[in-house]
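Notes for the one structure printed next.
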Amino acid sequence: MKSDSLGQLILTGVPGKELDAETENLFRRVQPGGFILFARNIESPPQLRKLIDDLRSLSEIEPIITIDQEGGRVSRLRLIGNEPPSAQQLRDKDDVDLVRRHGNITGRLLRLFGFNLDLCPVLDISFNDAAENSLRGRCYGKTVEQVVDNAGAFNEAMRRQGIASCGKHFPGYSAATSDAHYQLPRIDRRREELDRNELAVFREFLDDVDSMMICHGWYPCFEPEKTPATLSRRVVTDLLRNELGFGGLIMTDDLDMGAILTGYRLEETIRLAIAAGNDLVMICHRIPEIENAHRILGTLPSDQTDRALASVERFKKKIVPPHEFSEAAFRKIDNEIWDLRVATLGEKRAKERSVEGAKRSPVELF
């Protein structure tokens, strides 16, 4: 496989709200397989669509354009519109039709801007709504059945609008007691416990999500030595790919998170991530490093990179083009988001920032 195609294995962040000459040249050289956008990239509806059009135009192969648009505090597009209710708020309302409505709206909203993948649904179970494990407000249920029903309704409705989905965070942050944005959580779950709970959810979505994101948690039941799931062949290949039989795209969570940065250099991270069985490596914030990542990928065994490239290519065959953009179309969808907030929270609460939305975490918004 030619080295000039190896950029397809990189999912990169974008520095700002428009492409400067240096960044454009970098992206043209590396040809990343995809781009992930954050709050730093969003100023107005026309600006956002132009940025996405520019990213597509410099890509020789149609790129993945993705974002975290879950609802609640993890809703990047609330910077230019209304904030959708969170998964927990929808869960507490106990009306699956509202969840389905949320998926439909989210799909149309993302398609309008030119996104083709949403990094959701969250498939973690909430064992403790107040836990400091990055999941606050983001879980669709407290039981396997509740998550499957609610996340399934959102997922199906969004995919029907032409937006691919990503189940996360495999094999589950539910029992984590710390936040992987800062450090590597140790998750002391027996395999039997995982099978009854976290993995029971993921099994239900193996044929219904287009991709899976691997989390930065250490599971001693799979890896006796301290190893993030992201970099574990036992988790990514032996468990997800071979035992469970997942055939879609597999990606790392952001390799710029503390759980990885505190323990691994970039070269080791890329090498271990691809060897573990990931197809895409995600570098959200150290954007100049994607050139180095591209070089490292060129040193890896060709059987590993060929496997990953084939998976990315299969995923991209399903990408659909964006809808034509207009501000009027955006305003219509944004009004629907407001109506969904009211239906979920009531008029009074809808006018207030949700508790989880008000506590903006810098990690989630840069």
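The values are calculated or read from the model by the stated rules, or taken from the named source; none is laboratory data. Just so it is clear, the structure is predicted and the values come from calculations on it, not from any experiment. Virtual Cβ from ideal backbone geometry, glycine too; neighbours counted across all protein chains shown. Each accessible area value is taken on the protein alone, full model and side chains, heavy atoms only, with ligands, DNA and RNA left out. Shrake-Rupley method; radii C 1.70, N 1.55, O 1.52, S 1.80 Å.
Of the helices (runs of 4 or more DSSP H) lying entirely inside the stretch 192-294, those carrying at least 3 residues that are open to solvent by 10 Å² or more (accessible area, probe 1.4 Å) are 198-204, 266-276.
A search for C-beta distances below 7 Å between a residue of the stretch 257-279 that is more than 17 Å from Ile10 (Cα to Cα) and any residue that is of a type in the set (Ser, Thr, Tyr) and not in a helix (DSSP H, G or I), counting only pairs 6+ apart in sequence or on different chains, returns Gly258/Tyr182.
Scanning the stretch 1-45 for residues that are farther than 13 Å from Leu55 by Cβ, at pLDDT 95 or above, open to solvent by 40 Å² or more (accessible area, probe 1.4 Å) and in contact with an Asp or Glu (Cβ under 8 Å, 6 or more places away or on another chain) yields a total of 1.
Based on this model, can you work out whether Arg91 counts as modelled with pLDDT under 95, surrounded by 21 or more Cβ atoms within 10 Å (Cβ to Cβ) and not polar (S, T, N, Q)?
no
The number of residues in the stretch 136-162 that are of a type in the set (A, V, I, L, M, F, W, C) and either surrounded by fewer than 24 Cβ atoms within 10 Å (Cβ to Cβ) or within 18 Å of Glu192 (Cα to Cα) (or both) comes to 4. Taking the stretch 306-358 and the helices (runs of 4 or more DSSP H) fully enclosed by it, the elements with 3 or more residues that are at pLDDT 95 or above and either under 15 Å from Arg49 (Cβ atoms) or open to solvent by less than 50 Å² (accessible area, probe 1.4 Å) (or both) are at 327-345.
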